[in-house]
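Peer 1: Dumping the structure here so I can ask a few things about it.
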Amino acid sequence: MSAWKQRLTKSLHQTRNQPESRYFQLATVDTQGVPENRTVVFRQLEDEDYSLVIVSDTRSAKWESLTHQPMASICWYFSKTREQYRFTVNARCYNRKDDKSLIETYWSKLSDAGRKQYFWGRPSSVRQNDAPLRVSEDMTQPPEHFSVMKFRVLAVDYLSLQGNPQHREKHWLDESGNWTTQPIVP
Ligand SMILES: Cc1cc2nc3c(=O)[nH]c(=O)nc-3n(C[C@H](O)[C@H](O)[C@H](O)COP(=O)(O)O)c2cc1C
């Protein structure tokens with residue numbers, strides 16, 4: 001297992017009782033090259049290709065941006081352990097047509113409240129009135145716009161604020177596909 005993955009596994013374990021430690025910031029660039037950023041929920045770290053996984057909506061801005069430019073950046077701060085991870089990532093976005101079984105797997109893990117959000121209407125569209133966004137659809141099956149996004153980690157900039165001096169290190173994939181770690185000045 002790579003050194004950064006060991007660290008992240010430990011951070012996740014140490015913060016397992018803090019739901020807010022499952023949120024990270026995902027930065028992308030839009031089709032005009034303008035940076036955009038938002039908070040998302042971490043769902044899983046995939047073992048085989050070191051991907052961070054989230055669920056989202058194909059109708060959202062991030063889907064269009066990532067389709068245009070799959071390189072993105074993730075920033076994740078664990079306040080309890082005072083660690084920051086900055087990931088350089090490459091995104092692959094899936095809808096039902098791309099991988100039905102993957103979509104169904106992640107849909108099955110969502111709570112009812114999580115599923116409902118996918119039936120409120122098109123994200124960013126004008127809300128007609130202040131009436132509650134009621135959902136009457138059958139939520140057992142994922143809607144067409146439900147998506148899974150996998151972010152394959154290409155490099156990591158890790159900073160721990162514990163200790164004085166602080167500890168910072170870079171991790172990257174070398175030409176033979178192995179992870180290299182280098183401590184650097186914080
Ligand atoms: C704590 C928190 C968790 C969120 N988790 C997700 C998520 O897992 N997936 C998602 O698509 N949006 C999530 N959102 C909403 C996004 O931050 C964002 O508002 C939405 O996805 C639209 O972003 P976009 O227009 O840049 O695509 C979350 C927001 C917050 C505050």
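Every read-out reported here was derived from the displayed coordinates using simple, explicitly stated rules and does not represent laboratory data. Quick caveat, the model's predicted, so the values are computed rather than measured. Ideal geometry is used to build each Cβ from the backbone, glycine not excepted, and the neighbour counts take in all protein chains shown.
Peer 1: In nm, to one decimal, how far is the ASP30 label point from the TRP172 one, both placed 7 Å along Cα→Cβ?
Peer 2: It works out to 3.1 nm between the two label points.
Peer 1: Run through segment 1-55 and list the trypsin sites (Lys or Arg not before Pro) located in a DSSP loop whose Cβ has at most 11 other Cβ atoms within 10 Å. Don't skip to the answer; put the middle values down first.
Peer 2: Details: sites: LYS5, ARG7, LYS10, ARG16, ARG22, ARG38, ARG43; in loops: ARG16, ARG43.
Those that pass, being in a loop and sparsely packed, are ARG16.
Peer 1: Right, another one. How big is segment 126-186 on each of its three principal axes, counting only the C-alpha atoms and giving the largest first in Å?
Peer 2: Projected onto its principal axes, the Cα set of segment 126-186 covers 54, 34, 23 Å.
Peer 1: Report, in whole Å, the centroid distance computed from the Cα atoms of segment 111-186 and segment 23-84.
Peer 2: Each part's Cα centre sits 4 Å from the other's.
Peer 1: To the nearest 0.05, what FRET efficiency results for ASP130 and GLN182 with a Förster distance of 41 Å applied to their C-beta separation? Please report the intermediate quantities before stating the final value.
Peer 2: Numbers: r = 54 Å, r/R0 = 1.31.
For R0 = 41 Å, the calculated efficiency reads 0.15.
Peer 1: For q values of 0.17, 0.21 Å⁻¹, compute log₁₀ I(q)/I(0) with the Debye formula on a Cα-only model of segment 32-169, without solvent.
Peer 2: For segment 32-169 at q = 0.17, 0.21 Å⁻¹, log10 I(q)/I(0) is -1.03, -1.33.
Peer 1: Across the chain, how many lysine pairs, 8 or more positions apart or on different chains, have C-alpha atoms separated by under 18 Å? Please give the number.
Peer 2: Value for the chain: 9.
Peer 1: Under 18 Å from a label point 7 Å along Cα→Cβ of ASP98: give me every residue in segment 135-161 with its amide N that close.
Peer 2: Answer for segment 135-161: 142-154.
Peer 1: Can you give the calculated 222 nm mean residue ellipticity of the chain, where each DSSP H run of n ≥ 4 adds -39,500 (n - 2.57) and the sum is split over every residue, rounded to the nearest 500 deg cm²/dmol? Walk me through the numbers on the way to the answer.
Peer 2: Values: 4 runs with 34 residues, N = 186.
For the chain, the value works out to -5000 deg cm²/dmol.
Peer 1: Also, quick follow-up: Report Rg (one decimal) and Dmax (nearest whole number) for segment 57-133, counting Cα atoms only, units Å.
Peer 2: For segment 57-133, the Cα-based Rg and Dmax read 16.1, 44 Å.
Peer 1: Pop the C-beta distance of GLU46 and ASN164 into the FRET formula with R0 = 41 Å and round what comes out to the nearest 0.05. Each step should come with its number before you reach the end.
Peer 2: On the way: r = 35 Å, r/R0 = 0.86.
After rounding, the FRET efficiency stands at 0.70.
Peer 1: So between LYS109 and GLN18, what do we pick up on full extension, going 0.36 nm a residue minus the alpha carbon distance? Please list the in-between numbers first.
Peer 2: Working: separation 91, 0.36 × 91 = 32.76 nm, distance 1.89 nm.
Answer, rounded to one decimal: 30.9 nm.
Peer 1: Which residue fluctuates most in the GNM of the chain (Cα springs below 10 Å): SER108, SER79, SER176?
Peer 2: Top of the fluctuation ranking is SER176.
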